[in-house]
Amino acid sequence: MLEVDINDLHFRNPLLLASGILDESGDTMLRVARSGAGGIVTKSIGMVPREGYENPVIYELPYGLLNAIGLANPGIENFGEEIKKAKEGGVPIIGSIFGGNVDEFVYLAKKMESYGVDAVELNLSCPHARGYGMEIGVDMELVEEIVGEVKKSVGIPVWAKITPNTDSVVRIAKAAEKADALVLINTIRAMAIDIDARRPVLSNKIGGLSGPCLKPVGVRAVYEVYSEVNKPIIGVGGIQNGRDALEYMMAGASAVQIGTAVYTHGLEVFTSIAREMKEWLHRNDYENVKDIIGAAQVK
């Protein structure tokens, strides 16, 4: 009932772990797979080990999370064993990568492919790492070049994760049209201030906002891109329960990624969301979740 296929990859359900939580270690990724996730996106991995920003890097808000990790990661040369371990979970593994230029993205994608990932996700949208992510992802010509060169260099599907921090997510999505799938969206640039300390709560000052408050923005982005770009879409942002996941899929997503809810609710969130989705589909006489993709699109 919940099985979906994206780029010839089969997912037992459309609930994927989003990049950035419990996905730097092969052991934790294996736990996520065994907890019911349909697929796993790894931590965004770069050319060299990166410590990221000093604490505090995460701040909880009543309506979501504010974070500026700074793309901390062990570096691509140290990640092969983690992928090998994660693959024991029997679900597709999507290797997330970030780079500062075209050559770095190509190299990282080829290394991820050599490690056995099932697809590669290009992080073109991190809102708080200087010289990476969003700073690259708002340049349409550079996005088009990166996606095109990576596509020519690997034989696995290429997913492009698009930034919402732009005046037109559709234009960026069209620039990434050579990708096999589009991931919408990453976090929104935001900040919070501790009025007693009279200073920003994060060491980097600016972070990325995620969680329930992001869902309407993500749903809107998926809805707009679905009608303009003929590519599978993976929706991300604020998914807490089955209704949230169904909303994204009715907007046009073929699958969704879950991040903040894993942080706030634990790994059981995958099974609870899957159960709620099945119950809704059964009540409404749908045999398969694929039947609702884009159902809310109206002329």
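The values are calculated or read from the model by the stated rules, or taken from the named source; none is laboratory data. Source: prediction; values computed, not measured. Please note: Cβ atoms are built from the backbone with ideal geometry, for glycine as well, and neighbour counts cover all protein chains shown.
Quick notes on this one:
- Among the residues of region 145-176, those that are of a type outside the set (Gly, Ala, Ser), in contact with a Lys or Arg (Cβ under 7 Å, 6 or more places away or on another chain) and more than 19 Å from Ala18 (Cα to Cα) comprise Val147, Lys151, Val154.
- Among the residues of region 182-218, those that are assigned to a strand (DSSP E or B), among the β-branched types (Val, Ile, Thr) and either closer than 30 Å to Glu144 by Cβ or touching a Ser or Thr at 6+ places or on another chain (Cβ under 9 Å) (or both) comprise Val183, Ile188.
- Residue in region 44-56 that is farther than 22 Å from Ala129 by Cβ and surrounded by fewer than 17 Cβ atoms within 10 Å (Cβ to Cβ) present: no
- When Ser96 is tested against the conditions (1) touching a helix residue (DSSP H, G or I) at 6+ places or on another chain (Cβ under 6 Å); (2) buried (at least 21 other Cβ atoms within 10 Å of the Cβ); (3) within 28 Å of Asn165 (Cα to Cα); (4) touching a residue at least 40 places away in the same chain (Cβ under 8 Å), the lone failure is (1).
- From the options Tyr263, Tyr248, residue that is surrounded by 16 or more Cβ atoms within 10 Å (Cβ to Cβ), more than 19 Å from Phe11 (Cβ to Cβ) and either in contact (Cβ under 8 Å) with a residue 12 or more places away in the chain or not acidic (Asp, Glu) (or both): Tyr263
- Here Lys290 fits the description: under 13 Å from Glu3 (Cα atoms), in contact with a strand residue (DSSP E or B) (Cβ under 8 Å, 6 or more places away or on another chain) and of a type in the set (D, E, K, R).
- The single residue among Glu82, Glu77, Glu60 that is among the acidic types (Asp, Glu), surrounded by fewer than 20 Cβ atoms within 10 Å (Cβ to Cβ) and assigned to a helix (DSSP H, G or I) turns out to be Glu77.
- Residues considered: Ala179, Ala160. Of these, the only one that is at pLDDT 95 or above and in a loop (DSSP other than H, G, I, E, B) is Ala179.
- Among the residues of region 107-135, those identified as part of a helix (DSSP H, G or I) and under 17 Å from the mean Cα position of the chain (by Cα) are Ala109, Met112, Met134.
Residues checked against (1) surrounded by fewer than 24 Cβ atoms within 10 Å (Cβ to Cβ); (2) in contact with a helix residue (DSSP H, G or I) (Cβ under 8 Å, 6 or more places away or on another chain); (3) modelled with pLDDT of 95 or more; (4) farther than 21 Å from Ser168 by Cα:
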| site | (1), (2), (3), (4) |
| --- | --- |
| Ala192 | yes, no, yes, yes |
| Asp196 | yes, no, yes, yes |
| Pro200 | yes, no, yes, yes |
| Tyr223 | yes, yes, yes, no |
| Gly238 | no, yes, yes, no |
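- Among residues of region 219-231, those that are touching a residue at least 60 places away in the same chain (Cβ under 8 Å) and either farther than 21 Å from Ile94 by Cβ or in a strand (DSSP E or B) (or both), counted: 2
- Cβ-Cβ contacts under 7 Å between residues 6 or more apart (or on different chains), taken from a first residue in region 40-66 that is at negative phi to a second residue that is in a strand (DSSP E or B) and of a type in the set (D, E, K, R), are listed as Val41/Glu121.
- If the condition is being outside any loop (DSSP other than H, G, I, E, B) and out of contact with any Ser or Thr (no Cβ under 8 Å at 6 or more places or on another chain), then region 24-55 contributes Gly26, Asp27, Thr28, Leu30, Arg31, Val32, Ala33, Arg34, Gly39, Ile40, Arg50.
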